[in-house]
Amino acid sequence: MKISQKIFNVISKHFKLPLNLHEPYLPKNQTLLTLKKCINENHISTFGSHNNKFEKLISNFTKSKNVVSVCNGTSAIYLSLISLNIKKDDEVLIPSFNFVASTNATLAAGGCPHFVDIDFESFGIDATKLDNYLKIKTYKDGKFFFNKLTNRPIKYIIPTHVFGHICDIKKLLKICKKYNLKMVEDASEALGSFYKKKHAGTFGELGVISFNGNKIVTTGGGGAILCKNSKIAKKIRHISSTSKKKHPWRLIHDEFGFNLRMPNINAAIGINQMINLKKTLKKKRKLFELYSKIFVGLNEISLFKEPKNRLSNYWLQTIVIKDTKKIKTKSIIKYLRKKGIEVRPGWCAMTKLEHLKNYPRMNCKNSEILENKIINIPSGPNLIY
């Protein structure tokens, strides 16, 4: 029997089909009441009481001093780089195995993406490999390290916590100190993930969370920036609100800015999910434990597990194909989707995208392998009752 059929048999035996990849836990009655309150207040756009409450709930959960809610995760990364004073052609280290948002935000902010490889333990940046690479490929001039090939300064790094699994953050922080890099953590998928009891997105200068429709908490669309420095948080609020100066009636803008804040009604959707987040996280972990049991005996695959000393939110459950020469990931995906089980492959590595071919990169062999080695399977908390 083919592995695709084995996986189907196991999943269909334990869950009712069809299955979506990920559906958030929405406490419907509570959410409807909050939405009704928001509508009755006649304030559904930005700067409302629900924005404030949502940000406070995130702050309390993550222990981040400042939280700024914005319209999506990509905008959150963009605003983070702008607030840290990125200059034209500053190079930004970005994992090649990644959603394209970090690259798009870097380019929009005027920076230059510089792609680096990942490890197989966390699917995040390989810190040891990166350190060895920077030793050889950079030179120091003043405060900063420069790319020998481009003569551009390498000033930022955006590590991603892939599928909710925290990357090798401790080693990456040492690299930041060694090479004078500012860190913007892409914790878009990692709400509820911790390294030694410290929440994802609170290690670097700034951290980013996404509330897109398929995330562990959704506001339909949205994001948030976790920020240690209150002055930087104030700057982000200003820029993301069209850089409008406070005045009782005059419309005065004092610098370049955008309307990138989260609407009040979107925040209202997220409030009760944040209140119930611990319950959701327990369900996500139970789902991982269930998959671990039911996949026993499927020797062709393994289930991706949180790395040591890290507590994952298990946003997307992931199976790893052990031998991609014998087993074709695409055929498994096609079979399962046809049978009513929504699955997806890993991202196409940034280093394989045609429109990004001229940007600097290290050898990203692991990133390019991983696309054809993993499959995300149904992961919604509602699968556990």
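GNM, the chain, Cα, under 10 Å: largest mean-square fluctuation among Phe203, Phe163, Phe258?
With Cα springs under 10 Å in the chain, the top fluctuation among Phe203, Phe163, Phe258 is at Phe258.
Need one number: nm distance between label points at Ser45 and Lys171, each 7 Å from Cα along Cα→Cβ, rounded to one decimal.
A separation of 4.9 nm, rounded to one decimal place.
Name the residues of region 364-385 whose amide N is less than 19 Å from a point 7 angstrom out from the Cα of Glu342 along the C-beta direction?
Once the point is set 7 Å along Cα→Cβ of Glu342, 375-385 turn out to lie under 19 Å by backbone N, inside region 364-385.
Please give the contour-minus-distance gain from Asn60 to Val100: 0.36 nm per residue of separation, less the Cα-Cα distance, rounded to one decimal in nm.
On the way: separation 40, 0.36 × 40 = 14.40 nm, distance 2.95 nm.
In short, 11.5 nm is gained.
Given only helices, namely DSSP H runs of n ≥ 4 each adding -39500 (n - 2.57), what is the per-residue ellipticity at 222 nm of the chain, to the nearest 500 deg cm²/dmol? It would help to have the intermediate numbers written out before the result.
Numbers: 12 runs with 136 residues, N = 385.
The helix contribution divided over the chain gives -11000 deg cm²/dmol.
What is the ratio of the Cα radius of gyration of the chain to 2.2 N^0.38 Å, where N is its residue count, to two decimals? Walk me through the intermediate numbers first.
On the way: Rg = 21.3 Å, N = 385, 2.2 N^0.38 = 21.1 Å.
Computed over Cα atoms of the chain, the ratio equals 1.01.
Compute the convex hull volume of the Cα atoms of region 180-238, divide it by the residue count, and report the result per residue in Å³ as a whole number. Spell out each step's value before the answer.
Details: hull volume 5.4 nm³, N = 59.
It is 92 Å³ per residue.
For region 28-275, calculate the relative contact order in percent as a whole number, restricting contacts to Cα pairs under 8 Å that are 6 or more residues apart. List each step's numbers first, then the result.
Numbers: 536 pairs, mean separation 66.4, N = 248.
Normalised by residue count, the contact order of region 28-275 is 27 percent.
Could you pull out the pairs from Lys170/Lys198; Lys174/Lys228; Lys135/Lys198; Lys36/Lys278; Lys56/Lys171 whose alpha carbons sit more than 20 Å apart here? Don't skip to the end; give the middle numbers.
On the way: Lys170/Lys198 11 Å; Lys174/Lys228 18 Å; Lys135/Lys198 29 Å; Lys36/Lys278 25 Å; Lys56/Lys171 30 Å.
Violating the 20 Å Cα-Cα cut-off are Lys135/Lys198; Lys36/Lys278; Lys56/Lys171.
Where does each of 76-86, 275-285 land if you order them by average Cβ count within 10 Å, highest first?
On the way: 76-86: 24.8, 275-285: 17.5.
Sorting 76-86, 275-285 by mean packing, highest first, produces 76-86, 275-285.
Cβ neighbours within 10 Å, averaged per peptide: list 333-342, 319-328, 178-187 in order, most packed at the top.
Working: 333-342: 16.0, 319-328: 14.0, 178-187: 22.5.
Ranked from most to least packed, the peptides come out as 178-187, 333-342, 319-328.
At a Förster radius of 30 Å, what calculated FRET efficiency corresponds to the Cβ-Cβ distance of Lys365 and Asn180, to the nearest 0.05? Spell out each step's value before the answer.
Details: r = 28 Å, r/R0 = 0.92.
My answer for the efficiency is 0.65.
For Ser243 and Phe120 in one chain, what is 0.36 nm times their gap in residues minus the Cα-Cα distance, to one decimal in nm?
Fully extending the segment from Ser243 to Phe120 adds 40.0 nm.
Measuring from the lowest to the highest alpha carbon on each principal axis, how far does region 315-385 reach, largest first, in angstroms?
47, 28, 20
Once you've got the GNM for the chain with C-alpha springs shorter than 10 Å, pick whichever of Leu287, Leu93, Leu149 has the biggest mean-square fluctuation.
Of the options given, Leu149 has the highest mean-square fluctuation.
Given a Förster distance of 35 angstrom, what is the FRET efficiency for Asn299 paired with Lys196, based on the Cβ-Cβ distance and rounded to 0.05?
Values: r = 33 Å, r/R0 = 0.95.
About 0.55, to the nearest 0.05.
Expected output is a single nm value to one decimal: the length gained when fully extending between Asn372 and Leu251, i.e. 0.36 nm times separation in residues minus the C-alpha distance. What is it? Please report the intermediate quantities before stating the final value.
On the way: separation 121, 0.36 × 121 = 43.56 nm, distance 5.23 nm.
Additional length available on full extension: 38.3 nm.
Hey, how many Å between the Cα centroid of region 331-365 and the Cα centroid of region 126-161?
26 Å
Regarding region 225-287, what's the average projected area of the Cα-atom convex hull, expressed in nm²? Walk me through the intermediate numbers first.
Working: hull surface 26.3 nm².
Computing the convex hull of the Cα atoms and averaging its projections yields 6.6 nm².
Can you tell me the mean projection area, over all orientations, of the convex hull of region 8-99's alpha carbons? Units nm², please.
Values: hull surface 43.5 nm².
Dividing the Cα hull surface by four gives the mean projection, 10.9 nm².
Connecting C-alpha atoms closer than 10 Å in a GNM of the chain, tell me which of Leu303, Leu260, Leu251 has the biggest fluctuation.
Judging by the Gaussian network model, the answer is Leu251.
Computed from the coordinates by the stated procedures, all read-outs in this text should not be read as laboratory data. In this text, all values refer to a predicted model and were calculated from it rather than measured experimentally. All Cβ positions, glycine included, derive from the backbone under ideal geometry; neighbour counts span all protein chains shown.
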